[in-house]
Amino acid sequence: MDIREKMHGVKLYDPTEETLAAEQAACLELLYDFNQTRPCEQEKRQELMKRMFAEVGKNCYLEPPFHANWGKHTHLGNDVYANFNLTLVDDTAIYIGNNVMFGPNVVVDTASHPIRPDLRLTQTQYNIPVHIGDNVWIGANVVILPGVTIGENSVIGAGSVVTKDIPANVVAVGNPCRILREIGERDMKYYYKDMEIEGSGK
C-alpha cells in the first residue's frame with residue numbers, strides 16, 4: 001500500500017513525506033492566490049476554485065479568507081455558500097452537497113492523530129472522510145470532526161462540536177452535538193420564534 005492509499009484509506013501515514021509535501025505546497029499557492037483576490041474579481045475567484053477543488057458545482061461562493069490543507073480533496077455541489085474563515089482540513093475527501101451554507105469560522109476536519117505519544121512525536125496521522133448532505137446549514141463556529149456524516153436538510157447550531165453522525169431533517173446543537181428536535185410543521189410557518197413567514201398561512 002503506497003502513501004496515498006494510506007492517506008485516503010484510514011491508515012496511519014507520515015504527512016511530511018517529501019512528495020506529499022511538494023504536492024500540498026502547490027495547492028497552497030492556489031489558496032494564497034484566492035485569498036488575495038479583490039471583491040470585484042469574482043470571475044478570477046471562480047477560476048481559482050475550479051483549479052483548487054476536486055469538484056465545484058454552479059453558483060458556489062466562498063468569502064475570503066478561506067483556509068484548506070489541500071483543497072483538491074474537497075467536492076462542492078451547486079449553490080454552496082461559505083462565510084469568512086471556513087477551514088477545511090481536507091487531508092482526505094470532504095463531500096459537500098447542494099445548497100449548503102456555512103456560517104463564519106466553521107472547521108471541517110478529516111485528519112486526526114493517534115493517542116499514543118510516541119506516534120504523535122513522529123507527526124503520524126490518519127484521515128476519515130466527511131459527508132455533508134444537501135440543504136444543510138452549518139452555524140457559526142461549528143467544528144465537524146473526522147468521519148462525520150450530516151444528513152440532508154439538517155441544521156447544526158452555532159458553536160456545536162459534531163463528533164458523531166447527524167441524521168436528516170433535524171436541528172442539532174451542543175458540545176458534543178446532539179439532536180434537539182426534528183424539523184416539523186411549525187418550521188414551515190415560522191422562521192424565528194413567533195415571526196411568521198409571509199404567505200405561509202395560505
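The values are calculated or read from the model by the stated rules, or taken from the named source; none is laboratory data. Just so you know, these numbers come straight off a predicted model, no measurement behind them. Reconstructed Cβ throughout: ideal geometry from the backbone, glycine too, with neighbour counts over all protein chains shown.
Of the residues in region 16-23, at least one is surrounded by 14 or more Cβ atoms within 10 Å (Cβ to Cβ), hydrophobic (A, V, I, L, M, F, W, C) and under 20 Å from residue 111 (Cα atoms). Scanning region 119-130 for residues that are surrounded by fewer than 18 Cβ atoms within 10 Å (Cβ to Cβ) and either basic (Lys, Arg) or within 18 Å of residue 176 (Cα to Cα) (or both) turns up just one, 120.
Of the residues 144, 115, only one is of a type outside the set (Asp, Glu) and surrounded by 17 or more Cβ atoms within 10 Å (Cβ to Cβ); which?
144
Can residue 72 be described as of a type outside the set (Ser, Thr, Tyr) and out of contact with any helix residue (DSSP H, G or I) (no Cβ under 6 Å at 6 or more places or on another chain)? Judged against the criteria, residue 72 is not a match.
Checked against (1) surrounded by fewer than 22 Cβ atoms within 10 Å (Cβ to Cβ); (2) under 18 Å from residue 52 (Cβ atoms); (3) touching a Phe, Trp or Tyr at 6+ places or on another chain (Cβ under 6 Å), residue 101 passes all but a single condition, namely (2).
Could you pull out the residue among 109, 91, 79 that is of a type outside the set (Val, Ile, Thr) and within 16 Å of residue 16 (Cα to Cα)? Of the residues listed, the single one that is of a type outside the set (Val, Ile, Thr) and within 16 Å of residue 16 (Cα to Cα) is 91.
Under the condition of being closer than 16 Å to residue 131 by Cβ and exposed (fewer than 12 other Cβ atoms within 10 Å of the Cβ), the residues counted in region 166-185 number 0. Out of curiosity, is residue 48 at pLDDT 95 or above, out of contact with any Phe, Trp or Tyr (no Cβ under 9 Å at 6 or more places or on another chain), surrounded by 15 or more Cβ atoms within 10 Å (Cβ to Cβ) and farther than 17 Å from residue 130 by Cβ? No: the conditions fail for residue 48.
Checking every residue in region 97-113 against the condition of being more than 18 Å from the chain's Cα centre (by Cα) and modelled with pLDDT of 95 or more gives at least one match. Residues in region 31-45 that are surrounded by fewer than 17 Cβ atoms within 10 Å (Cβ to Cβ) and either within 18 Å of the chain's Cα centre (by Cα) or of a type in the set (Phe, Trp, Tyr) (or both): 32, 35. With respect to residue 84, is the statement that it is surrounded by 21 or more Cβ atoms within 10 Å (Cβ to Cβ) and under 21 Å from residue 143 (Cα atoms) true? For residue 84, the condition - surrounded by 21 or more Cβ atoms within 10 Å (Cβ to Cβ) and under 21 Å from residue 143 (Cα atoms) - is not met.
When 48, 31, 20 are checked against the criterion of being on the phi < 0 side of the Ramachandran plot and touching a strand residue (DSSP E or B) at 6+ places or on another chain (Cβ under 8 Å), 31 stands alone in meeting it.
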